[in-house]
Amino acid sequence: MNSSSRPSPIAGLGAALQTASPVLPDSEIEDLVRTHFGLEGTAEWLWGEKDSNHRLTLGDKRTVLVKVLNPGEPPSTTDMHSRALLHVARADPGIPVQRIVPASNGAPDIRIPGPEGNTRAVRVVTFLPGQALSGATHSVAQRYNIGLMMARMQQALASFEHASASHKLTWDMTYSLDLRGVCNCLGEGEERAALTQCLDLFQDEVLPRLTQLPSQVIHNDFNSENILVDPADTDRVSGIIDFGDMVRAPRVFDVAVGASYILDDESEPVESVFDFLKGYASLARLTRPEIEVLYPCLLARLVMRLAIPSWRATLFPNQAERLLRKHDLVRRTLARVRAYRQQAFTEQSAAVFQRVSQ
C-alpha cells in the first residue's frame, strides 16, 4: 500500500493510539525506577505498540519490565489495568500473568510528568518465561490449551469490576463500524467490497443481538505476541501478557479475537479454530446466540486487524513497516475465512459445545 492510498486519521478513535509515546533514555528509566521503586538495574528499550517499554536487568540477573504508559491513556484506565492484574493473580493464581512490583509507597503504579504538561503512568511488572507463540511450532494440543487458558482468564475476570471498564476503545469490536472510513481507503474493487461486506454482516447480525450476549471485562487481545509458550514444551502456555486492550464487552468478542490469531498459522486449515474452541469448551460454554454470531465477529476482528494498523501507519510513518508487517497475512486469512461457509462454521462450532456437554 503506497502513501497516497493510506487512510486519513479518523477523528474520535483511540486517544492512546493517536498519541505518540516518547521514549525515555535508558539512564532516565534507571533513575526513575531507583527513585520510585527502590530497584537498581540496567535498562534496555523494547518496542511497544503504544507504550514505551524497557527491560530492567537487576544486579542479581533477575529482570522486570518497566512500562511507561502512553500519555493519551487516562489515569483511570491505567488503574483498571493494574487492578485487573492484581485481581487475576488472586482469583486464579495458576494463570501465568505478570505480577505487579509495587512502588516504594505501595501503589501499583506511579505518575510522572509527560510531554506537553500532562502526566503518564509507570508500572513495573515481572517478566514471564517463555517464547512468543508467533515464533513457536503450532499443534492441536497447543490450540486446545490456549482455548482453555482463555476460559480460565474469563472466569477469573468475571468478578472484576472497575469504573473505567466500559471506556471506549478502538480495539473494542463494539465500535468496529467506526472503521468504515479507513476500510474505504484500503484495497480496491473486490477487496474493498469484502471489507465492507464483513462490517455489514457485523452490523446486521451482531449489533442487534448485543443485549443477548453475556458481557464482562475481557482480556481482548489473546494474540500471538501476548501468548507465551514453554520453549521445552510448546504445547504448554507459560504466559499471558498485555492487559492494555481490556474492556467490558461481550465475551464472544474475546473468543473471536483468540480465534483470529489461531488462524495466523497458514499451514493449518480454518478448522484449526475448532481445536481452540474445544479447549475453551472444556471449561466454559457459549450460548446459542453467541455461537451464531461467532463467525461475523471473527470477520470483524480480521477487518480491524487490517484497518487499525493501516490507520496508525498514517499517524506514525516511521513505524509503518512494523505496524504493517502482518498486513498481507491477515488479508489472506480474511479471504480464507470468507471462503468458509458461515452456516458450516456455526454448525461445527455448535457441535464442539454439544459434544463436550454430553
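The values are calculated or read from the model by the stated rules, or taken from the named source; none is laboratory data. The model shown is predicted, which means the values in this text are computed figures rather than measured ones. Methodologically, a virtual Cβ is constructed for each residue, glycine included, from the backbone with ideal geometry; neighbour enumeration extends over all protein chains shown. With ligands, DNA and RNA removed, areas are computed over all heavy atoms of the protein, side chains included. Shrake-Rupley method; radii C 1.70, N 1.55, O 1.52, S 1.80 Å.
A few points about this structure:
- Anchor K61: aspartates and glutamates whose Cα lies under 14 Å away (excluding residues fewer than 8 positions away in-chain): E40, E44
- With loop membership from DSSP and a limit of 16 other Cβ atoms within 10 Å, the longest segment of the chain without GluC sites (Glu not before Pro) is 41-160.
- Ordered from longest to shortest, the equivalent ellipsoid semi-axes for the stretch 167-255 are 28, 19, 12 Å, each the square root of 5 times a Cα gyration tensor eigenvalue.
- 20 °C / 1.002 mPa s Stokes-Einstein diffusion coefficient of the chain, Kirkwood radius on C-alpha pairs, µm²/s: 102 µm²/s
- Summary value for the stretch 179-281: 22 percent relative contact order, contacts being C-alpha pairs under 8 angstrom separated by 6+ residues.
- Rolling a 1.4 angstrom probe over the chain with all protein chains present gives an accessible area of which 50% lies on carbon and sulfur atoms.
- 10 °C / 1.306 mPa s Stokes-Einstein diffusion coefficient of the stretch 115-212, Kirkwood radius on C-alpha pairs, µm²/s: 87 µm²/s
- Distance between the C-alpha centres of the stretch 265-288 and the stretch 328-358: 9 Å, rounded to the whole angstrom.
- In the context of the full set of protein chains, the chain has a per residue accessible area of 41 Å² (1.4 Å probe).
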